[in-house]
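Note sheet for the following structure.
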Amino acid sequence: MTAIRRAGILAAAFAGLAALPLHASNQPGIPDQLEMKDGRSLRGMILKNSADSVLFQTRDGEVVIPKSSIRRIREEADQDVYLAQVTGRGKLPSWQAIVHDFRDHDTVWRVELIPPVAVQSGEFKNIPYTSFLVNKQGRMNIYGDPDNPVAIEFGIYGKRGRSSRYHQIVREFLAGHLYSRKEIAALYSLSLAGDTHRAGNLAFKITPPTAPGANGGWWIAVYDPSRLASARVGEAEYAKVTRPFSEVNNADGTLRQLSSALWDNWLVAAVRQLPAHIPKIRGFYRDENGVFHVMRLDPQGT
C-alpha cells in the first residue's frame with residue numbers, strides 16, 4: 001500500500017469519526033464501546049482489532065480507528081471488560097492488553113493459566129510471574145504485577161521452536177505492543193540463535209533451547225532491567241508460587257494431566273500468596289465460530 005493510499009484511508013476514517021453520533025454507554029444491542037482520548041464515547045461492534053487500529057461497525061457504516069486515538073476499549077457481550085491500552089515509550093503492556101489481542105489472533109485457540117515453573121537462574125530468577133499455556137506447547141509468562149509487568153516472555157517447545165513461521169508471528173505480536181521504532185528495531189535485530197539488545201529502558205532477549213534454564217524451549221522476552229530487582233522475592237516466598245518443571249510439564253513441553261480440582265486449588269492458593277494483583281481466571285478458549293470465552297478458576301472442582 002502506498003503512502004498516498006494510506007493517508008487517504010486514514011483521512012476517510014477521521015472524516016467518518018467526525019460524523020459518528022454519541023450513544024449511551026448502556027444502549028442495548030450494541031456490544032462494544034470505544035472511549036476516545038478527546039472525551040467521546042462511541043458505540044458499535046468491533047469487526048477487527050489489529051495491533052494499531054480497530055475496524056468499527058456503527059449505525060453509519062464501518063470506520064478504521066487508530067488505537068492512538070483510543071483511551072479504552074470496552075467489550076461487554078460476555079460482561080467481561082478488557083482494556084486495550086496504548087503502550088508508552090519504555091513501558092510494557094498489561095496482561096489485559098495482551099489477552100485482548102489474543103482474542104483476534106487467528107493462530108491462538110486456547111490460553112490457560114498454569115502453575116509457573118521455578119526460574120533458577122538468569123534475569124528472572126525469584127520474580128513471581130503469571131504463566132499461561134498457549135495452544136499446546138506455547139507459553140506466555142508475565143513477570144511481576146500483571147497490570148504493570150517488569151517482563152513479558154513468550155516460549156515454545158518442540159519442533160515449532162525451530163519454526164521460522166512461529167518466530168515471525170511472535171515478533172509481530174510483540175512489535176504491536178511496542179511504542180518506538182528503536183524498540184521494534186531492537187526486537188527484530190535479535191539473532192534467533194540467542195541474543196540480547198537494548199532500546200531505551202527496555203531489553204530484548206532470545207534464549208535458545210540449548211541454553212541453561214531453557215528446559216528445551218525457545219524463548220523471547222522484553223523486559224525493563226531497572227525494575228527487575230524490586231520485583232524479586234525471597235526463596236521461601238518464591239517457592240510458594242512456583243513448581244518444578246517436571247511437575248508441571250512433560251519432557252516435550254506439553255502440560256501434564258493432573259486432577260483439575262487439585263490444579264485449581266493450587267492455583268488459587270498460589271494467587272493469594274502473590275504480592276501483586278493476579279487475574280482470577282483460568283483462561284480462554286476459541287469456539288467453533290472463532291470467539292473466545294472465559295474459563296474461570298474452580299477451587300471446589302465443580
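The values are calculated or read from the model by the stated rules, or taken from the named source; none is laboratory data. Keep in mind that what you see is a predicted model, and the values were worked out from it rather than measured. Here the Cβ is made from the backbone with ideal geometry for all residues, glycine too, and neighbour counts use every protein chain on show.
Failed condition for ALA175, given (1) farther than 27 Å from TYR238 by Cα; (2) out of contact with any helix residue (DSSP H, G or I) (no Cβ under 8 Å at 6 or more places or on another chain), with all others met?
(2)
Okay, residues lined up against (1) in contact (Cβ under 8 Å) with a residue 40 or more places away in the chain; (2) loosely packed, with under 15 Cβ neighbours inside 10 Å; (3) aliphatic (A, V, I, L, M):
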{"position": "ALA118", "(1), (2), (3)": "yes, no, yes"}
{"position": "THR130", "(1), (2), (3)": "yes, no, no"}
{"position": "ARG139", "(1), (2), (3)": "yes, no, no"}
{"position": "SER163", "(1), (2), (3)": "no, yes, no"}
{"position": "ARG171", "(1), (2), (3)": "yes, no, no"}
{"position": "TYR223", "(1), (2), (3)": "yes, no, no"}
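When you scan region 129-150, do you find a residue that is of a type in the set (A, V, I, L, M, F, W, C), modelled with pLDDT of 95 or more, in a strand (DSSP E or B) and touching a Lys or Arg at 6+ places or on another chain (Cβ under 9 Å), even just one?
There is no residue in region 129-150 that is of a type in the set (A, V, I, L, M, F, W, C), modelled with pLDDT of 95 or more, in a strand (DSSP E or B) and touching a Lys or Arg at 6+ places or on another chain (Cβ under 9 Å).
For the subset of region 208-221 comprising residues that are touching a residue at least 60 places away in the same chain (Cβ under 8 Å) and under 24 Å from PRO146 (Cβ atoms), which member is surrounded by the most Cβ atoms within 10 Å (Cβ to Cβ)? Walk me through how you get there before you give the answer.
Filtering region 208-221 for residues touching a residue at least 60 places away in the same chain (Cβ under 8 Å) gives 212-213, 215, 217-221.
Now restrict to residues that are under 24 Å from PRO146 (Cβ atoms): 213, 215, 217-221.
On the way: GLY213: 16, ASN215: 17, GLY217: 23, TRP218: 26, TRP219: 24, ILE220: 22, ALA221: 21.
Of everything passing the filter in region 208-221, TRP218 is surrounded by the most Cβ atoms within 10 Å (Cβ to Cβ).
Quick check on ALA185: is it over 16 Å from the mean Cα position of the chain (by Cα) and either in the same structural domain as SER50 (by TED's automatic domain parsing) or surrounded by fewer than 17 Cβ atoms within 10 Å (Cβ to Cβ) (or both)?
When the stated conditions are applied, ALA185 passes them.
Quick check on my filter: what residues within region 35-45 are in a strand (DSSP E or B) and either within 19 Å of the chain's Cα centre (by Cα) or basic (Lys, Arg) (or both)?
Residue satisfying the conditions is ARG43 alone.
Scan region 168-203 residue by residue and report those that are in contact with a Lys or Arg (Cβ under 9 Å, 6 or more places away or on another chain) and part of a strand (DSSP E or B).
ASP195, THR196, HIS197, ALA199, LEU202
Of everything in region 225-244, what is buried (at least 18 other Cβ atoms within 10 Å of the Cβ) and touching a strand residue (DSSP E or B) at 6+ places or on another chain (Cβ under 8 Å)? Give them in sequence order.
If the condition is that a residue be buried (at least 18 other Cβ atoms within 10 Å of the Cβ) and touching a strand residue (DSSP E or B) at 6+ places or on another chain (Cβ under 8 Å), then LEU228, ALA231, THR242 are the ones that fit.
What's the number of the only condition in (1) part of a helix (DSSP H, G or I); (2) more than 19 Å from ALA251 (Cα to Cα) that LYS159 fails to meet?
(2)
Of the residues HIS177, HIS167, HIS197, which single one is at pLDDT 95 or above, surrounded by 14 or more Cβ atoms within 10 Å (Cβ to Cβ) and within 22 Å of ILE98 (Cβ to Cβ)?
Exactly one of HIS177, HIS167, HIS197 is at pLDDT 95 or above, surrounded by 14 or more Cβ atoms within 10 Å (Cβ to Cβ) and within 22 Å of ILE98 (Cβ to Cβ), namely HIS197.
If I filter region 214-241 down to residues being at pLDDT 90 or above and assigned to a loop (DSSP other than H, G, I, E, B), which single residue comes out as nearest to SER189 (Cα to Cα)?
Only one residue fits best here, namely ASP224.
For region 82-107, name all the residues that are farther than 20 Å from PHE284 by Cα and at pLDDT below 75.
Answer for region 82-107, where residues must be farther than 20 Å from PHE284 by Cα and at pLDDT below 75: VAL86, THR87, GLY88, ARG89, GLY90.
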